[in-house]
Amino acid sequence: MIYIGIDPGVSGAIVALDHDHKVRVCVRMPVLNIGKKGKTKNILDDAGVLAELRSIKAQAEHHGVATFTVLEKSQAMPGQGVTSMFNYGGVYHALKMALTAVELPFDVVHPRRWQKKILYGIEGGDTKMRAVLKVQRSLPLLALVPPRCRKPHEGIADAACMALYAKHLRTGSSG
């Protein structure tokens, strides 16, 4: 089985693990940078997302295994503006549609639900850093610091934790 975790948003990621916690796919969310010089923004690359999900499905089919995905539920965050929340919700629904179009089975999971199970016993108060610690301990070969960056990518850490949660939902093991 291949377990997929998706942290939505333009700073999110997609991580796919096999049953032995070998990382099959680890990509930052495909985005396009649009706008004029000095005033650019990232938007979801719909075709890029579809290509990544199709690739994961093809890998699974090639190896004769099933897939299961956990997509983090979109929610309003205090202090975020109306426009940013509208855009975030659009990305979330585009990801749900992409999973449906590629015919990958998935569950939508509230962040607190996967965090309660996967981050249990991990010290600290900040869930982003606790997710980084969990991934460093459970998936030591997963590169959390992308090229030309100095700190761990929180979207990759969250997506990896959701892939671990997907495994837990199917097998009862959370790595």
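Among the residues making up the stretch 46-90, those that are at pLDDT 95 or above and assigned to a loop (DSSP other than H, G, I, E, B) are GLY64, VAL65, ALA66. How many of the residues in the stretch 116-159 are loosely packed, with under 15 Cβ neighbours inside 10 Å and of a type in the set (Asp, Glu)? The total comes to 2. Are any residues in the stretch 10-53 touching a strand residue (DSSP E or B) at 6+ places or on another chain (Cβ under 6 Å) and of a type in the set (Asp, Glu), and if so, which ones? The answer is ASP18, ASP45, GLU52.
The values are calculated or read from the model by the stated rules, or taken from the named source; none is laboratory data. These numbers were taken from a predicted model, which means no experiment stands behind them. Every residue, glycine as well, gets a Cβ built from its backbone with ideal geometry; the counts of neighbours run over all protein chains shown.
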